[in-house]
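Trainee: The structure's right below; bear with me while I get my questions together.
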Amino acid sequence: MMNGAQVQATQLTIDARVQHAVHEVLDKAMEQYHPAAAGAVILNAKTGEVISLVSLPDFDPIIPSEAAEKDRLNRVSGGVFEMGSTIKTFTTAMALELGNAKLTTIYDASRPLVIGSQVIHDSHSRGKPLSLVDVFLQSSNIGSAREALSVGMEKHKEILERTGLLSKIAFELPEVATPVSPRVWRQVNSLTSAFGHGFATTPLQTAVGIAAIMNHGRLVPPTLLPRSEEEARALAVQMVSEKTSDDMRYLFRLNAVKGSGRKANVAGFRVGGKTGTAEKVIDGRYSHTNNFNAFAAAFPMEDPAFVLLVFIDDPRPEFPGAGITSAANAVPMAGAIIERSALLLDVQPVFDDPADIAFAFSD
């Protein structure tokens with residue numbers, strides 16, 4: 001009793017077992033890759049419930065004054081970043097939804113795309129036209145920009161707004177940052193946004209939008225308070241069609257089987273995902289040696305129950321000659337989290353499933 005009123009405890013959606021596992025994986029990554037920071041969030045894709053949220057470096061809650069120290073902010077919901085190629089998830093979904101594209105649609109990625117003074121090129125260009133599938137698997141900046149061109153600047157901005165990436169998200173924590181985007185939206189902004197540069201949003205918002213694309217197209221707001229699937233459906237907004245969601249689940253799974261997400265493809269759990277390696281702005285210029293890396297994963301891909309977004313800010317090579325891209329660090333971090341948490345989340349492993357596209361594309 002307090003002042004004659006009964007104090008009620010608030011139940012949260014955080015699973016302490018999963019939270020501990022995620023924290024340990026990120027702790028190891030901080031030692032392994034020596035980044036400025038690392039973080040992860042796991043969402044229930046059906047309800048929007050946050051199952052785990054970790055941002056390092058963190059602080060000891062017994063010593064709350066540590067929270068005011070430099071770099072101790074909660075970057076999952078309170079930090080904004082250019083999310084790199086994870087944003088191609090939205091660009092590809094947009095092309096399928098609004099650009100009359102199919103998985104077989106061809107985009108000319110044979111040469112750099114020039115818009116005014118901006119030259120868009122691919123890091124590993126093969127100098128040839130690419131199907132929509134290959135644009136996604138090869139993470140082609142040129143192909144993604146052409147997907148945006150096929151839809152148009154206004155519709156592109158509209159779908160980014162519809163996904164909530166450009167506005168402050170409603171969430172129960174006080175640490176919620178406001179995304180940063182161009183005040184005037186021009187074609188060059190549309191084209192660079194297609195591959196995750198030119199606007200900054202929070203990892204939480206990115207995860208929520210990707211969960212919508214995975215969850216039959218239904219956008220559900222995130223929460224730290226228990227919510228049933230029925231309650232979530234009443235709150236949901238249809239972001240893309242069921243067909244677009246089906247195609248995107250296929251692409252996510254394919255990318256984990258034969259693309260950049262292979263180190264997160266934990267046997268039995270039918271993982272899918274998309275990498276993002278964003279060069280950081282240092283002294284007003286994009287740096288080739290400083291990255292913000294992310295990996296967005298979903299599992300099990302036949303009907304994802306969970307979406308995981310992992311990020312690592314400015315990682316260093318694990319050993320001389322090692323890479324600093326998302327595939328080299330954020331992806332194996334995600335794999336370690338899924339390996340430790342999937343069973344805790346009651347995701348049952350399935351082996352030798354002939355319906356899994358992994359069998360069609362294994363090599």
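The values are calculated or read from the model by the stated rules, or taken from the named source; none is laboratory data. The shown structure was predicted, so the numbers you read here are calculated from the model rather than taken from an experiment. No Cβ is skipped: glycine too gets one built from the backbone with ideal geometry, and neighbour counts run over all protein chains shown. These area figures cover heavy atoms from the full protein model, side chains too; ligands, DNA and RNA do not enter into them. Shrake-Rupley method; radii C 1.70, N 1.55, O 1.52, S 1.80 Å.
Trainee: Rounded to the nearest 500, what is the 222 nm mean residue ellipticity of the chain from helices alone, with -39500 (n - 2.57) per DSSP H run of 4+ residues and division by all residues?
Mentor: -9500 deg cm²/dmol
Trainee: Output the relative contact order of segment 239-360, whole-number percent, from Cα pairs under 8 angstrom with separation of 6+ residues.
Mentor: Dividing the mean separation by the residue count of segment 239-360 yields 26 percent.
Trainee: I would also like to ask the following. Within the chain, count lysine pairs with alpha carbon atoms under 12 angstrom apart where the residues are 8 or more positions apart or belong to different chains.
Mentor: So the count of such lysine pairs works out to 4.
Trainee: Could you tell me the extents of the chain's C-alpha atoms along the three principal axes, largest first, rounded to whole Å?
Mentor: So the extents along the principal axes, rounded to whole Å, are 71, 50, 43.
Trainee: Under a crude label model (7 Å from the Cα following the beta-carbon direction), how far is Lys168 from Lys258 in nanometres?
Mentor: About 4.6 nm, to one decimal.
Trainee: Now, a different point. If the viscosity is 0.692 mPa s and the temperature 37 °C, what translational diffusion coefficient in µm²/s does Stokes-Einstein give for segment 93-172 when Rh comes from Kirkwood over Cα pairs?
Mentor: D, rounded to a whole number, is 241 µm²/s.
Trainee: Still on this structure, please answer the following. If DNA, RNA and ligands are ignored and the probe is 1.4 Å, what is the ranking of Thr178, Thr92, Thr10 by accessible area, most exposed first?
Mentor: From most exposed to least exposed: Thr10, Thr178, Thr92.
Trainee: Here's another thing I want to ask about it. Share of segment 69-167's accessible area from carbon and sulfur, percent, 1.4 Å?
Mentor: The C+S portion of the solvent-accessible surface of segment 69-167 is 48 percent.
Trainee: For segment 258-294 and segment 82-128, compute the distance between their C-alpha centroids and round to whole Å.
Mentor: Between the Cα centres of segment 258-294 and segment 82-128 lies a distance of 17 Å.
Trainee: With every protein chain left in place, what is the accessible area per residue of the chain in square angstrom, probe 1.4 Å? Show your work: numbers first, answer last.
Mentor: Working: 16350 Å² over 363 residues.
Accessible surface, normalised per residue, equals 45 Å².
Trainee: Mind putting together the pair-distance distribution for segment 65-116? All Cα pairs, 5 Å bins, whole percent per bin, short to long.
Mentor: 4, 13, 13, 16, 15, 8, 9, 8, 6, 5, 2, 0
Trainee: Before anything else, pin down the relative contact order of the chain: Cα pairs under 8 Å, at least 6 apart, normalised by residue count, whole percent.
Mentor: Answer for the chain is 22 percent.
Trainee: With bins 5 Å wide starting at 0, give me the P(r) of segment 127-222 over every alpha carbon pair, in whole percents.
Mentor: With a bin width of 5 Å, the distribution comes to 2, 12, 21, 21, 22, 12, 6, 2, 1, 0.
Trainee: Oh, and also: Place a label point 7 angstrom from the Cα of Tyr250 along the Cα-to-Cβ direction, then list the residues of segment 275-319 whose backbone nitrogen is under 14 Å away.
Mentor: 302, by backbone N distance to the label point.
Trainee: Using a 1.4 angstrom probe on the protein heavy atoms only, line up His288, His156, His197, His20 by accessible area, largest first.
Mentor: Per-residue accessible area, sorted high to low, gives His288, His20, His197, His156.
Trainee: Now, a different point. What does the charge count around Val50 come to, taking other residues whose C-beta lies under 11 Å from its C-beta (Lys +1, Arg +1, Asp -1, Glu -1)?
Mentor: -2
Trainee: Same structure again: Which whole-number percentage describes the relative contact order of segment 132-202, with Cα contacts under 8 Å and a sequence gap of 6 or more?
Mentor: In percent, rounded to a whole number, it is 35.
Trainee: A further question on this structure: Of Val281, Val76, which has the most accessible area and how do the rest follow, probe 1.4 Å?
Mentor: The most accessible residue leads, giving Val281, Val76.
Trainee: A follow-up question, please. Stretch Arg186-Val350 to full length: gain in nm at 0.36 nm per residue minus the Cα-Cα span? Walk me through the numbers on the way to the answer.
Mentor: Details: separation 164, 0.36 × 164 = 59.04 nm, distance 4.71 nm.
Value of the extension gain: 54.3 nm.
Trainee: Compute the Rg to Rh ratio over segment 307-356 from the alpha carbon atoms, using the Kirkwood formula for Rh, and round to two decimal places.
Mentor: 1.11
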